[in-house]
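The values are calculated or read from the model by the stated rules, or taken from the named source; none is laboratory data. In this text the structure is predicted, and so the values were computed from the model without any measurement. When we count neighbours, we look across all protein chains shown, and the Cβ atoms used for this are built from the backbone with ideal geometry, even at glycine.
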Amino acid sequence: MPTARWRPSRNVLALAAVSFLTDASSEIIAPLLPLFLVGTLGATVSMVGVIEGGAEAVAALLKLASGWWSDRVSRRKPLIVAGYTIASLVRPLVAMAQSATQVLAIRLVDRVGKGIRGAPRDALIAASTPREFRGRAFGFHRAADHAGAVVGPLIALACLQWLGMPVRHVFWVAAIPGALAVVVAMTFVREPRAQHVRPARAPAPATPVAGTARPLTARPLTARPLTALPRSFWFTMLPILIFTLGNSTDAFLLLRASQLGVPTALIPLVWVLLHLVKSASSTPAGALSDRVGRRPLIVAGWALYAAVYAGFSMATAPWHAWALFGAYGVVFGLTEGTEKALVADLVAAPRRGTAFGWYQATVGVAALPASIVFGAVWDAYGSPTAFGMGATLAVVAAAVMALVVQPPPEA
(Lines give C-alpha, C1' and ligand atoms only; values in the text may rest on other atoms or scores of the structure.)
Protein backbone atom coordinates (compact mmCIF):
# COMPACT_ATOMS: atom_id res chain seq x y z
CA MET A 1 0.00 0.00 0.00
CA PRO A 2 1.54 3.38 -0.99
CA THR A 3 2.75 5.53 1.86
CA ALA A 4 4.08 8.53 -0.08
CA ARG A 5 2.06 11.17 -1.90
CA TRP A 6 1.88 10.56 -5.62
CA ARG A 7 2.63 13.29 -8.10
CA PRO A 8 2.59 12.60 -11.83
CA SER A 9 5.99 12.83 -13.48
CA ARG A 10 6.80 15.16 -16.36
CA ASN A 11 6.27 12.37 -18.89
CA VAL A 12 2.95 11.32 -17.39
CA LEU A 13 1.73 14.92 -17.46
CA ALA A 14 2.97 15.47 -21.02
CA LEU A 15 1.47 12.25 -22.33
CA ALA A 16 -1.78 13.01 -20.54
CA ALA A 17 -1.92 16.40 -22.29
CA VAL A 18 -1.15 14.77 -25.65
CA SER A 19 -3.90 12.20 -25.16
CA PHE A 20 -6.34 14.93 -24.07
CA LEU A 21 -5.75 16.88 -27.28
CA THR A 22 -5.72 13.79 -29.50
CA ASP A 23 -8.98 12.49 -28.10
CA ALA A 24 -10.56 15.93 -28.43
CA SER A 25 -9.63 15.76 -32.11
CA SER A 26 -10.80 12.17 -32.55
CA GLU A 27 -14.06 12.61 -30.66
CA ILE A 28 -15.13 15.61 -32.72
CA ILE A 29 -15.60 12.99 -35.43
CA ALA A 30 -16.40 9.74 -33.57
CA PRO A 31 -19.98 10.34 -32.38
CA LEU A 32 -21.03 11.63 -35.79
CA LEU A 33 -19.25 9.01 -37.89
CA PRO A 34 -21.69 6.06 -37.51
CA LEU A 35 -24.65 8.27 -38.40
CA PHE A 36 -22.65 9.83 -41.25
CA LEU A 37 -21.83 6.38 -42.61
CA VAL A 38 -25.35 4.99 -42.36
CA GLY A 39 -27.37 8.16 -43.04
CA THR A 40 -25.21 10.06 -45.55
CA LEU A 41 -23.10 7.42 -47.28
CA GLY A 42 -25.67 4.60 -47.12
CA ALA A 43 -23.50 2.03 -45.33
CA THR A 44 -25.05 -0.95 -43.56
CA VAL A 45 -24.60 -1.67 -39.84
CA SER A 46 -22.37 -4.59 -40.82
CA MET A 47 -20.16 -2.20 -42.81
CA VAL A 48 -19.79 0.01 -39.74
CA GLY A 49 -18.52 -3.06 -37.90
CA VAL A 50 -16.05 -3.86 -40.69
CA ILE A 51 -14.69 -0.30 -40.72
CA GLU A 52 -14.25 0.05 -36.96
CA GLY A 53 -13.11 -3.52 -36.37
CA GLY A 54 -10.69 -3.47 -39.29
CA ALA A 55 -9.20 -0.18 -38.14
CA GLU A 56 -8.59 -1.52 -34.64
CA ALA A 57 -7.07 -4.74 -36.00
CA VAL A 58 -4.53 -2.79 -38.07
CA ALA A 59 -3.64 -0.71 -35.05
CA ALA A 60 -3.26 -3.84 -32.94
CA LEU A 61 -0.74 -5.51 -35.23
CA LEU A 62 1.34 -2.36 -35.39
CA LYS A 63 1.26 -2.02 -31.60
CA LEU A 64 2.92 -5.39 -31.33
CA ALA A 65 5.66 -4.40 -33.78
CA SER A 66 6.23 -0.93 -32.35
CA GLY A 67 6.34 -2.22 -28.77
CA TRP A 68 8.96 -4.82 -29.70
CA TRP A 69 11.00 -2.27 -31.65
CA SER A 70 10.93 0.29 -28.83
CA ASP A 71 12.36 -2.39 -26.51
CA ARG A 72 15.04 -3.26 -29.05
CA VAL A 73 16.27 0.30 -29.54
CA SER A 74 15.45 1.42 -25.95
CA ARG A 75 13.76 4.53 -27.27
CA ARG A 76 10.05 5.32 -27.03
CA LYS A 77 9.67 8.97 -28.04
CA PRO A 78 10.32 8.74 -31.82
CA LEU A 79 7.55 6.16 -32.24
CA ILE A 80 5.20 8.14 -30.00
CA VAL A 81 5.68 11.35 -31.99
CA ALA A 82 5.41 9.55 -35.34
CA GLY A 83 2.18 7.85 -34.33
CA TYR A 84 0.46 11.02 -33.20
CA THR A 85 1.64 12.88 -36.31
CA ILE A 86 0.26 10.33 -38.78
CA ALA A 87 -3.13 10.20 -37.08
CA SER A 88 -3.43 13.97 -36.79
CA LEU A 89 -2.67 14.46 -40.49
CA VAL A 90 -5.11 11.91 -41.88
CA ARG A 91 -8.05 11.99 -39.44
CA PRO A 92 -9.78 15.16 -40.77
CA LEU A 93 -9.78 13.77 -44.32
CA VAL A 94 -13.06 12.01 -43.44
CA ALA A 95 -14.59 15.35 -44.46
CA MET A 96 -13.74 14.54 -48.10
CA ALA A 97 -15.03 10.94 -48.13
CA GLN A 98 -17.69 10.09 -50.72
CA SER A 99 -18.10 6.39 -49.86
CA ALA A 100 -17.82 3.98 -46.97
CA THR A 101 -14.76 2.43 -48.65
CA GLN A 102 -12.96 5.78 -48.51
CA VAL A 103 -13.84 6.15 -44.84
CA LEU A 104 -12.39 2.67 -44.27
CA ALA A 105 -9.11 3.68 -45.92
CA ILE A 106 -8.87 6.86 -43.85
CA ARG A 107 -9.67 5.02 -40.63
CA LEU A 108 -7.03 2.39 -41.40
CA VAL A 109 -4.31 5.01 -41.81
CA ASP A 110 -5.53 6.84 -38.69
CA ARG A 111 -5.21 3.59 -36.73
CA VAL A 112 -1.73 3.05 -38.17
CA GLY A 113 -0.77 6.11 -36.16
CA LYS A 114 -2.45 4.72 -33.07
CA GLY A 115 -0.71 1.41 -33.55
CA ILE A 116 2.71 2.98 -33.78
CA ARG A 117 2.37 5.06 -30.62
CA GLY A 118 0.32 2.90 -28.24
CA ALA A 119 2.73 0.34 -26.75
CA PRO A 120 5.78 2.67 -26.53
CA ARG A 121 3.63 5.30 -24.80
CA ASP A 122 2.38 2.87 -22.17
CA ALA A 123 5.88 1.50 -21.62
CA LEU A 124 7.12 5.07 -21.12
CA ILE A 125 4.40 5.76 -18.54
CA ALA A 126 5.38 2.60 -16.66
CA ALA A 127 9.07 3.51 -16.80
CA SER A 128 8.29 6.99 -15.46
CA THR A 129 6.26 5.77 -12.45
CA PRO A 130 7.13 3.68 -9.35
CA ARG A 131 5.32 0.32 -9.18
CA GLU A 132 3.21 1.32 -6.18
CA PHE A 133 1.69 4.22 -8.14
CA ARG A 134 1.18 2.60 -11.55
CA GLY A 135 -2.56 2.26 -11.11
CA ARG A 136 -2.82 5.97 -10.38
CA ALA A 137 -0.55 6.90 -13.29
CA PHE A 138 -2.43 4.86 -15.87
CA GLY A 139 -5.75 5.95 -14.40
CA PHE A 140 -4.66 9.60 -14.59
CA HIS A 141 -3.62 9.15 -18.20
CA ARG A 142 -6.93 7.53 -19.09
CA ALA A 143 -8.79 10.30 -17.24
CA ALA A 144 -7.06 12.93 -19.38
CA ASP A 145 -7.77 10.90 -22.50
CA HIS A 146 -11.47 10.71 -21.67
CA ALA A 147 -11.58 14.38 -20.69
CA GLY A 148 -10.55 15.11 -24.27
CA ALA A 149 -13.39 12.89 -25.38
CA VAL A 150 -15.73 15.13 -23.39
CA VAL A 151 -14.43 18.29 -25.04
CA GLY A 152 -14.47 16.88 -28.59
CA PRO A 153 -18.23 16.19 -28.87
CA LEU A 154 -18.97 19.54 -27.22
CA ILE A 155 -16.94 21.24 -29.94
CA ALA A 156 -18.86 19.23 -32.54
CA LEU A 157 -22.17 20.20 -30.93
CA ALA A 158 -21.21 23.88 -30.88
CA CYS A 159 -20.21 23.75 -34.52
CA LEU A 160 -23.46 22.06 -35.53
CA GLN A 161 -25.95 23.89 -33.33
CA TRP A 162 -24.48 27.35 -32.80
CA LEU A 163 -22.35 27.89 -35.89
CA GLY A 164 -24.58 25.94 -38.27
CA MET A 165 -21.68 24.05 -39.86
CA PRO A 166 -22.35 21.07 -42.14
CA VAL A 167 -21.06 17.79 -40.75
CA ARG A 168 -18.21 17.67 -43.24
CA HIS A 169 -16.96 21.08 -42.11
CA VAL A 170 -17.07 19.92 -38.49
CA PHE A 171 -14.71 17.08 -39.40
CA TRP A 172 -12.13 19.63 -40.58
CA VAL A 173 -12.15 21.31 -37.16
CA ALA A 174 -10.58 18.13 -35.74
CA ALA A 175 -7.27 19.11 -37.33
CA ILE A 176 -6.65 21.88 -34.77
CA PRO A 177 -6.36 19.90 -31.50
CA GLY A 178 -4.58 17.13 -33.43
CA ALA A 179 -1.82 19.52 -34.48
CA LEU A 180 -1.47 20.84 -30.92
CA ALA A 181 -1.05 17.26 -29.65
CA VAL A 182 1.92 16.71 -31.96
CA VAL A 183 3.57 19.93 -30.78
CA VAL A 184 3.21 18.93 -27.12
CA ALA A 185 4.61 15.45 -27.78
CA MET A 186 7.63 16.80 -29.61
CA THR A 187 8.34 19.48 -27.01
CA PHE A 188 7.70 17.94 -23.59
CA VAL A 189 8.02 14.13 -23.75
CA ARG A 190 11.45 12.86 -22.68
CA GLU A 191 13.17 9.49 -22.68
CA PRO A 192 13.94 8.33 -19.10
CA ARG A 193 17.65 8.79 -18.45
CA ALA A 194 18.12 5.16 -17.51
CA GLN A 195 17.25 4.12 -21.04
CA HIS A 196 20.30 5.95 -22.40
CA VAL A 197 22.78 4.28 -20.07
CA ARG A 198 24.78 1.68 -21.96
CA PRO A 199 26.29 -1.23 -20.05
CA ALA A 200 30.03 -1.03 -19.58
CA ARG A 201 32.07 -3.29 -21.82
CA ALA A 202 33.64 -6.29 -20.18
CA PRO A 203 37.45 -6.03 -19.90
CA ALA A 204 39.36 -7.85 -22.61
CA PRO A 205 40.87 -11.15 -21.44
CA ALA A 206 44.57 -11.07 -20.71
CA THR A 207 46.82 -12.38 -23.47
CA PRO A 208 48.31 -15.68 -22.32
CA VAL A 209 52.08 -15.96 -22.03
CA ALA A 210 53.62 -18.14 -24.69
CA GLY A 211 53.89 -21.75 -23.60
CA THR A 212 51.20 -21.51 -20.93
CA ALA A 213 47.68 -22.83 -21.09
CA ARG A 214 45.00 -20.39 -22.11
CA PRO A 215 42.93 -19.52 -19.00
CA LEU A 216 39.35 -20.72 -18.97
CA THR A 217 36.82 -17.91 -19.34
CA ALA A 218 33.11 -18.16 -18.72
CA ARG A 219 30.89 -17.61 -21.73
CA PRO A 220 28.53 -14.70 -21.27
CA LEU A 221 24.98 -15.68 -20.44
CA THR A 222 22.64 -15.36 -23.38
CA ALA A 223 19.97 -12.78 -22.60
CA ARG A 224 16.39 -13.94 -22.78
CA PRO A 225 14.80 -12.80 -26.02
CA LEU A 226 12.45 -9.86 -25.82
CA THR A 227 9.55 -12.08 -26.80
CA ALA A 228 10.09 -14.42 -23.82
CA LEU A 229 7.31 -13.13 -21.60
CA PRO A 230 6.34 -14.82 -18.32
CA ARG A 231 3.65 -17.48 -18.21
CA SER A 232 1.53 -15.35 -15.88
CA PHE A 233 1.29 -12.73 -18.62
CA TRP A 234 -0.06 -15.23 -21.16
CA PHE A 235 -2.57 -16.61 -18.64
CA THR A 236 -3.82 -13.05 -18.18
CA MET A 237 -4.25 -12.60 -21.93
CA LEU A 238 -6.77 -15.47 -22.08
CA PRO A 239 -9.67 -13.77 -20.23
CA ILE A 240 -8.82 -10.45 -21.90
CA LEU A 241 -9.18 -12.15 -25.28
CA ILE A 242 -12.52 -13.70 -24.29
CA PHE A 243 -13.84 -10.36 -23.07
CA THR A 244 -12.73 -8.50 -26.19
CA LEU A 245 -14.51 -10.99 -28.46
CA GLY A 246 -17.74 -9.65 -26.94
CA ASN A 247 -16.59 -6.03 -26.81
CA SER A 248 -17.48 -4.64 -30.23
CA THR A 249 -17.04 -1.04 -31.35
CA ASP A 250 -18.90 1.60 -29.34
CA ALA A 251 -20.33 2.87 -32.62
CA PHE A 252 -23.04 0.25 -32.12
CA LEU A 253 -24.00 1.88 -28.81
CA LEU A 254 -24.57 5.17 -30.61
CA LEU A 255 -26.71 3.45 -33.22
CA ARG A 256 -28.67 1.76 -30.43
CA ALA A 257 -29.20 5.13 -28.71
CA SER A 258 -30.56 6.52 -31.97
CA GLN A 259 -32.75 3.44 -32.33
CA LEU A 260 -34.15 4.06 -28.82
CA GLY A 261 -35.20 7.58 -29.81
CA VAL A 262 -32.31 9.84 -28.79
CA PRO A 263 -32.34 12.73 -31.32
CA THR A 264 -29.37 13.01 -33.66
CA ALA A 265 -28.57 16.48 -32.31
CA LEU A 266 -28.16 15.00 -28.81
CA ILE A 267 -25.99 12.03 -29.81
CA PRO A 268 -22.78 14.05 -29.14
CA LEU A 269 -24.10 14.77 -25.61
CA VAL A 270 -24.61 11.06 -24.98
CA TRP A 271 -20.98 10.61 -25.99
CA VAL A 272 -19.99 13.45 -23.65
CA LEU A 273 -21.77 11.76 -20.75
CA LEU A 274 -19.91 8.49 -21.42
CA HIS A 275 -16.49 10.11 -21.43
CA LEU A 276 -17.27 12.41 -18.52
CA VAL A 277 -17.93 9.35 -16.37
CA LYS A 278 -14.86 7.60 -17.79
CA SER A 279 -12.68 10.58 -16.91
CA ALA A 280 -14.12 11.04 -13.43
CA SER A 281 -13.78 7.37 -12.48
CA SER A 282 -10.40 6.43 -14.00
CA THR A 283 -7.99 7.96 -11.48
CA PRO A 284 -9.88 6.89 -8.31
CA ALA A 285 -10.27 3.38 -9.70
CA GLY A 286 -6.57 3.23 -10.56
CA ALA A 287 -5.71 4.31 -7.03
CA LEU A 288 -8.06 1.64 -5.67
CA SER A 289 -6.28 -1.01 -7.75
CA ASP A 290 -3.00 0.04 -6.11
CA ARG A 291 -4.55 -0.78 -2.73
CA VAL A 292 -6.74 -3.83 -3.28
CA GLY A 293 -5.17 -5.40 -6.36
CA ARG A 294 -5.86 -5.39 -10.08
CA ARG A 295 -7.99 -8.52 -10.50
CA PRO A 296 -10.92 -7.52 -8.28
CA LEU A 297 -11.46 -4.29 -10.19
CA ILE A 298 -11.19 -5.96 -13.58
CA VAL A 299 -13.68 -8.67 -12.59
CA ALA A 300 -16.08 -6.06 -11.21
CA GLY A 301 -15.75 -3.96 -14.35
CA TRP A 302 -16.46 -6.87 -16.66
CA ALA A 303 -19.46 -7.91 -14.56
CA LEU A 304 -20.82 -4.36 -14.83
CA TYR A 305 -20.19 -4.47 -18.58
CA ALA A 306 -22.34 -7.60 -18.82
CA ALA A 307 -25.13 -5.84 -16.92
CA VAL A 308 -24.90 -2.77 -19.19
CA TYR A 309 -25.06 -4.82 -22.39
CA ALA A 310 -27.97 -6.81 -21.01
CA GLY A 311 -29.62 -3.46 -20.31
CA PHE A 312 -29.07 -2.32 -23.90
CA SER A 313 -30.66 -5.56 -25.11
CA MET A 314 -33.82 -4.87 -23.08
CA ALA A 315 -34.00 -1.05 -23.29
CA THR A 316 -37.15 0.53 -24.72
CA ALA A 317 -36.92 4.29 -24.03
CA PRO A 318 -34.48 7.15 -24.67
CA TRP A 319 -33.74 7.63 -20.97
CA HIS A 320 -32.57 4.03 -20.80
CA ALA A 321 -29.79 4.92 -23.25
CA TRP A 322 -28.66 7.86 -21.13
CA ALA A 323 -28.56 5.77 -17.95
CA LEU A 324 -26.75 2.88 -19.62
CA PHE A 325 -24.13 5.16 -21.19
CA GLY A 326 -23.39 6.57 -17.73
CA ALA A 327 -22.97 3.09 -16.25
CA TYR A 328 -20.85 2.06 -19.22
CA GLY A 329 -18.41 4.85 -18.40
CA VAL A 330 -17.75 3.27 -14.98
CA VAL A 331 -16.73 0.06 -16.75
CA PHE A 332 -13.85 1.87 -18.42
CA GLY A 333 -12.84 3.59 -15.20
CA LEU A 334 -12.55 0.23 -13.46
CA THR A 335 -10.72 -1.66 -16.19
CA GLU A 336 -8.69 0.41 -18.67
CA GLY A 337 -5.93 1.77 -16.47
CA THR A 338 -6.08 -1.28 -14.20
CA GLU A 339 -5.42 -3.72 -17.05
CA LYS A 340 -2.38 -1.72 -18.17
CA ALA A 341 -1.04 -1.53 -14.62
CA LEU A 342 -1.45 -5.31 -14.38
CA VAL A 343 0.60 -5.80 -17.55
CA ALA A 344 3.34 -3.57 -16.15
CA ASP A 345 3.29 -5.56 -12.89
CA LEU A 346 3.73 -8.87 -14.70
CA VAL A 347 6.63 -7.99 -17.02
CA ALA A 348 10.11 -6.59 -16.35
CA ALA A 349 11.03 -3.21 -17.84
CA PRO A 350 13.31 -4.45 -20.70
CA ARG A 351 10.42 -6.41 -22.25
CA ARG A 352 7.55 -4.14 -21.26
CA GLY A 353 7.12 -2.55 -24.69
CA THR A 354 6.72 -6.02 -26.17
CA ALA A 355 4.23 -6.95 -23.45
CA PHE A 356 2.10 -3.87 -24.07
CA GLY A 357 2.30 -4.64 -27.79
CA TRP A 358 0.93 -8.14 -27.22
CA TYR A 359 -1.74 -6.83 -24.86
CA GLN A 360 -2.93 -4.18 -27.28
CA ALA A 361 -2.64 -6.56 -30.22
CA THR A 362 -4.87 -9.04 -28.41
CA VAL A 363 -7.46 -6.34 -27.75
CA GLY A 364 -7.28 -4.86 -31.23
CA VAL A 365 -7.20 -8.02 -33.34
CA ALA A 366 -10.12 -9.52 -31.41
CA ALA A 367 -12.05 -6.30 -32.03
CA LEU A 368 -12.29 -7.15 -35.74
CA PRO A 369 -14.27 -10.41 -35.45
CA ALA A 370 -16.12 -8.96 -32.45
CA SER A 371 -17.40 -5.99 -34.47
CA ILE A 372 -18.06 -7.97 -37.65
CA VAL A 373 -20.00 -10.68 -35.83
CA PHE A 374 -21.89 -8.15 -33.71
CA GLY A 375 -22.95 -6.21 -36.81
CA ALA A 376 -23.96 -9.38 -38.63
CA VAL A 377 -26.01 -10.62 -35.67
CA TRP A 378 -27.67 -7.19 -35.41
CA ASP A 379 -28.62 -7.24 -39.10
CA ALA A 380 -29.87 -10.84 -38.95
CA TYR A 381 -31.52 -11.11 -35.52
CA GLY A 382 -31.81 -7.58 -34.15
CA SER A 383 -29.88 -5.50 -31.65
CA PRO A 384 -31.19 -7.22 -28.47
CA THR A 385 -29.65 -10.54 -29.55
CA ALA A 386 -26.33 -8.88 -30.40
CA PHE A 387 -26.09 -7.12 -27.04
CA GLY A 388 -27.08 -10.31 -25.23
CA MET A 389 -24.18 -12.10 -26.93
CA GLY A 390 -21.73 -9.44 -25.70
CA ALA A 391 -23.06 -9.71 -22.16
CA THR A 392 -22.58 -13.49 -22.13
CA LEU A 393 -18.95 -13.31 -23.22
CA ALA A 394 -18.23 -10.70 -20.54
CA VAL A 395 -19.57 -13.03 -17.84
CA VAL A 396 -17.37 -15.87 -19.10
CA ALA A 397 -14.30 -13.61 -19.17
CA ALA A 398 -14.92 -12.38 -15.62
CA ALA A 399 -15.20 -15.97 -14.39
CA VAL A 400 -11.93 -16.97 -16.08
CA MET A 401 -10.13 -13.91 -14.67
CA ALA A 402 -11.38 -14.68 -11.17
CA LEU A 403 -10.63 -18.42 -11.24
CA VAL A 404 -7.56 -18.83 -13.48
CA VAL A 405 -5.38 -15.72 -13.27
CA GLN A 406 -3.15 -15.46 -10.22
CA PRO A 407 -2.20 -12.09 -8.72
CA PRO A 408 1.30 -10.89 -9.76
CA PRO A 409 4.16 -11.32 -7.27
CA GLU A 410 5.33 -8.29 -5.35
CA ALA A 411 8.39 -6.66 -6.90
Next item on the list: Check Thr316 against each of (1) buried (at least 23 other Cβ atoms within 10 Å of the Cβ); (2) more than 20 Å from Val12 (Cβ to Cβ); (3) modelled with pLDDT under 95 and name the one condition it does not meet.
Entry: (1)
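Determine, yes or no, whether Ser66 is in a helix (DSSP H, G or I), farther than 29 Å from Arg190 by Cα and among the hydroxyl-bearing types (Ser, Thr, Tyr).
Details: in a helix (DSSP H, G or I): yes; farther than 29 Å from Arg190 by Cα: no; among the hydroxyl-bearing types (Ser, Thr, Tyr): yes.
For Ser66, the condition - in a helix (DSSP H, G or I), farther than 29 Å from Arg190 by Cα and among the hydroxyl-bearing types (Ser, Thr, Tyr) - is not met.
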Item checked: Pair list, Cβ < 7 Å and 6+ apart or interchain, from the stretch 289-305 residues that are at pLDDT 90 or above to residues that are surrounded by fewer than 24 Cβ atoms within 10 Å (Cβ to Cβ) and among the hydroxyl-bearing types (Ser, Thr, Tyr) -> none
Notebook entry, point to check: Limited to the stretch 320-358, what total is found for residues that are within 14 Å of Ser232 (Cβ to Cβ), in a helix (DSSP H, G or I) and β-branched (Val, Ile, Thr)?
Noted result: 1
Item checked: Index of the failed condition, Thr22 passing every other in (1) within 25 Å of Ala179 (Cα to Cα); (2) not in a helix (DSSP H, G or I) -> (2)
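Results for (1) in a loop (DSSP other than H, G, I, E, B); (2) more than 22 Å from Leu21 (Cα to Cα); (3) free of Cβ contacts under 8 Å to residues at least 60 places away in the same chain, shown as yes or no for each residue.
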position: Leu61; (1), (2), (3): no, yes, no
position: Asp71; (1), (2), (3): no, yes, no
position: Ile80; (1), (2), (3): no, no, no
position: Ile86; (1), (2), (3): no, no, yes
position: Ala95; (1), (2), (3): no, no, no
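Just checking, which of Ile80, Ile106, Ile86 is under 24 Å from Leu255 (Cα atoms), at pLDDT 80 or above and among the β-branched types (Val, Ile, Thr)?
On the way: Ile80 fails: under 24 Å from Leu255 (Cα atoms); Ile86 fails: under 24 Å from Leu255 (Cα atoms).
Going through Ile80, Ile106, Ile86 in turn, the sole match is Ile106.
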Next item on the list: Looking only at the stretch 113-125, decide whether some residue is out of contact with any helix residue (DSSP H, G or I) (no Cβ under 7 Å at 6 or more places or on another chain) and at pLDDT below 85.
Entry: no
Notebook entry, point to check: Taking into account only those residues within the stretch 229-267 that are assigned to a helix (DSSP H, G or I), farther than 22 Å from Val299 by Cβ and of a type in the set (Val, Ile, Thr), which is modelled with the lowest pLDDT?
Noted result: Thr264
Next item on the list: Return a yes/no flag: does the stretch 101-117 have any residue that is free of Cβ contacts under 8 Å to residues at least 24 places away in the same chain and among the polar types (S, T, N, Q).
Entry: yes
Margin query: Here are the criteria: (1) β-branched (Val, Ile, Thr); (2) buried (at least 22 other Cβ atoms within 10 Å of the Cβ); (3) modelled with pLDDT of 90 or more. Tell me which single one Val48 does not satisfy.
Written below: (3)
Next item on the list: Return yes or no: is Val12 surrounded by fewer than 24 Cβ atoms within 10 Å (Cβ to Cβ) and touching a Ser or Thr at 6+ places or on another chain (Cβ under 7 Å)?
Entry: yes
Check: Restricting attention to the stretch 1-44, which residues are in contact with a Gly (Cβ under 7 Å, 6 or more places away or on another chain) and aromatic (Phe, Trp, Tyr)?
Finding: Phe20
Item checked: Count of residues meeting criterion [in contact with a helix residue (DSSP H, G or I) (Cβ under 7 Å, 6 or more places away or on another chain) and aromatic (Phe, Trp, Tyr)] in the stretch 369-382 -> 2
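Of the residues Gly357, Gly311, Gly329, Gly390, which single one is in contact with a Lys or Arg (Cβ under 6 Å, 6 or more places away or on another chain), modelled with pLDDT of 90 or more and not charged (D, E, K, R)?
Numbers: Gly357 fails: modelled with pLDDT of 90 or more; Gly311 fails: in contact with a Lys or Arg (Cβ under 6 Å, 6 or more places away or on another chain); Gly390 fails: in contact with a Lys or Arg (Cβ under 6 Å, 6 or more places away or on another chain).
Exactly one of Gly357, Gly311, Gly329, Gly390 is in contact with a Lys or Arg (Cβ under 6 Å, 6 or more places away or on another chain), modelled with pLDDT of 90 or more and not charged (D, E, K, R), namely Gly329.
Against the definition (at pLDDT 85 or above, touching a His at 6+ places or on another chain (Cβ under 8 Å), under 27 Å from Gly139 (Cβ atoms) and among the small types (Gly, Ala, Ser)), how does Ala24 come out, yes or no? Talk me through it step by step, then tell me what you get.
Details: at pLDDT 85 or above: yes; touching a His at 6+ places or on another chain (Cβ under 8 Å): no; under 27 Å from Gly139 (Cβ atoms): yes; among the small types (Gly, Ala, Ser): yes.
For Ala24, the condition - at pLDDT 85 or above, touching a His at 6+ places or on another chain (Cβ under 8 Å), under 27 Å from Gly139 (Cβ atoms) and among the small types (Gly, Ala, Ser) - is not met.
Conditions (1) of a type outside the set (S, T, N, Q); (2) surrounded by fewer than 22 Cβ atoms within 10 Å (Cβ to Cβ); (3) in contact with a helix residue (DSSP H, G or I) (Cβ under 9 Å, 6 or more places away or on another chain); (4) closer than 11 Å to Ala126 by Cα, marked per residue:
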residue: Lys340; (1), (2), (3), (4): yes, no, yes, yes
residue: Leu346; (1), (2), (3), (4): yes, no, yes, no
residue: Pro350; (1), (2), (3), (4): yes, yes, yes, no
residue: Ala355; (1), (2), (3), (4): yes, no, yes, no
residue: Tyr359; (1), (2), (3), (4): yes, no, yes, no
residue: Ala367; (1), (2), (3), (4): yes, no, yes, no
Checklist line | Single unsatisfied condition, Phe387 versus (1) surrounded by 21 or more Cβ atoms within 10 Å (Cβ to Cβ); (2) out of contact with any helix residue (DSSP H, G or I) (no Cβ under 6 Å at 6 or more places or on another chain) | finding: (2)
Item checked: Hits in the stretch 333-378 - residues which are more than 29 Å from Pro130 (Cβ to Cβ) and under 12 Å from the mean Cα position of the chain (by Cα) -> Ala367
Note to self: Please determine whether any residue of the stretch 268-283 is surrounded by 21 or more Cβ atoms within 10 Å (Cβ to Cβ), at pLDDT 90 or above, aromatic (Phe, Trp, Tyr) and in a helix (DSSP H, G or I).
What the structure shows: no
Next item on the list: Just give me the residues in the stretch 21-56 being in contact (Cβ under 8 Å) with a residue 60 or more places away in the chain and closer than 17 Å to Ile86 by Cα, in sequence order.
Entry: Leu21, Thr22, Asp23, Ala24, Ser25, Ser26, Glu27, Ile29, Glu56
